[in-house]
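The values are calculated or read from the model by the stated rules, or taken from the named source; none is laboratory data. Model, not experiment: these values are computed from the prediction. When we count neighbours, we look across all protein chains shown, and the Cβ atoms used for this are built from the backbone with ideal geometry, even at glycine. Surface accessibility is based on the protein's heavy atoms, side chains included, excluding ligands, DNA and RNA. Shrake-Rupley method; radii C 1.70, N 1.55, O 1.52, S 1.80 Å.
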Amino acid sequence: MPGTVLLLAASPVGRGRLVDAASVLPVLAAVEPAVLSGTDTASVVELADPLEPQAVLTRLRAAAASPGPLTLFVTGQLQLDRRQRLPHLALARTTAATVRYTALPWHWLREELRLRPDGTTTLVADLYADAESWQQLRERPLDTGGNIAVYGRIAPPPSRRTVAAPAYMKAVATILRSGHRPPPER
């Protein structure tokens, strides 16, 4: 059965950027779709620094509706909205004051994936959290639902005036570029 792959690299432009998320996309895009998905054939959707949360949600819904295996590669930064204190994946236009309106709420991702059959969805994540998000994540871990295999890392914010590189995702992409796809847990 063909697989589906969603490559999502999102971080704000300007001073609020913690990670250069899109820098990993050329390496991931160079990997054969079948290797990315772990299936014989696959469709790949790439979202580089998207602007609108609704546009990301539309692509996520389409990917989640696919009948075969789904693999998501998500690189970016987490921020909390000031009102509800919920984690969001910051998008290109996101600022500390506009998180609620310009970022993708993490629970949207969880909700879109929750109805997928067990064992068909894999999330590989390389995320940086701003200071507020990092503190909250220490008390309440990020919830992805019970039916998703999750691999990756969430890192604290880099030192001031530093933009981090998505080292974990680049390492994964480098391994996959070899043409060999080890089991995700390895």
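Can you tell me which residue is modelled with the lowest pLDDT among those in the stretch 117-149 that are closer than 17 Å to ALA63 by Cα and not in a loop (DSSP other than H, G, I, E, B)? The extreme case among them is ALA149.
Kindly provide the set of residues from the stretch 107-124 that are hydrophobic (A, V, I, L, M, F, W, C) and open to solvent by less than 10 Å² (accessible area, probe 1.4 Å), ordered by number.
Of the residues in the stretch 107-124, the ones hydrophobic (A, V, I, L, M, F, W, C) are 108-109, 113, 115, 123-124.
Across the stretch 107-124, the qualifying residues are LEU109, LEU113, LEU123.
Could you tell me which residue of the stretch 30-42 is most open to solvent (accessible area, probe 1.4 Å), considering only residues that are part of a helix (DSSP H, G or I) and among the small types (Gly, Ala, Ser)?
Start the filter on the stretch 30-42 by keeping residues that are part of a helix (DSSP H, G or I), which leaves 33-37.
Applying the additional criterion that residues be among the small types (Gly, Ala, Ser) yields 34, 37.
Details: ALA34: 33, SER37: 8 Å².
Among residues in the stretch 30-42 that are part of a helix (DSSP H, G or I) and among the small types (Gly, Ala, Ser), the one most open to solvent (accessible area, probe 1.4 Å) is ALA34.
The set of residues in the stretch 43-71 being loosely packed, with under 15 Cβ neighbours inside 10 Å and either in a helix (DSSP H, G or I) or polar (S, T, N, Q) (or both) consists of GLN54, ALA55, THR58, ARG61, ALA62.
Contact map, the stretch 124-145: first residue touching a residue at least 24 places away in the same chain (Cβ under 8 Å), second residue open to solvent by 90 Å² or more (accessible area, probe 1.4 Å), Cβ cut-off under 6 Å, separation 6 or more or different chains; pairs are GLY145/ARG114. The set of residues in the stretch 151-183 that are assigned to a loop (DSSP other than H, G, I, E, B) and open to solvent by less than 70 Å² (accessible area, probe 1.4 Å) comprises PRO156, PRO157, PRO158, THR162, ALA165, PRO166, GLY179, PRO182, PRO183. Residues in the stretch 168-186 that are out of contact with any strand residue (DSSP E or B) (no Cβ under 7 Å at 6 or more places or on another chain) and of a type in the set (Ser, Thr, Tyr) were compared, and the one that is nearest to ALA21 (Cα to Cα) is THR174. With respect to being of a type outside the set (Phe, Trp, Tyr) and free of Cβ contacts under 8 Å to residues at least 40 places away in the same chain, GLY179 falls outside the description. Among the conditions (1) touching a Leu at 6+ places or on another chain (Cβ under 9 Å); (2) of a type in the set (A, V, I, L, M); (3) at pLDDT below 95, the only one that ALA97 does not satisfy is (1).
Quick one: would you say THR162 is polar (S, T, N, Q) and over 19 Å from the mean Cα position of the chain (by Cα)?
Working: polar (S, T, N, Q): yes; over 19 Å from the mean Cα position of the chain (by Cα): yes.
Yes; evaluated as a whole, the condition is true for this residue.
With respect to the conditions (1) among the hydrophobic types (A, V, I, L, M, F, W, C); (2) part of a loop (DSSP other than H, G, I, E, B); (3) open to solvent by 10 Å² or more (accessible area, probe 1.4 Å), LEU91 lacks only one, and its number is (3). Every condition in (1) in contact with a helix residue (DSSP H, G or I) (Cβ under 7 Å, 6 or more places away or on another chain); (2) not in a strand (DSSP E or B) holds for PRO26 except the one numbered (1).
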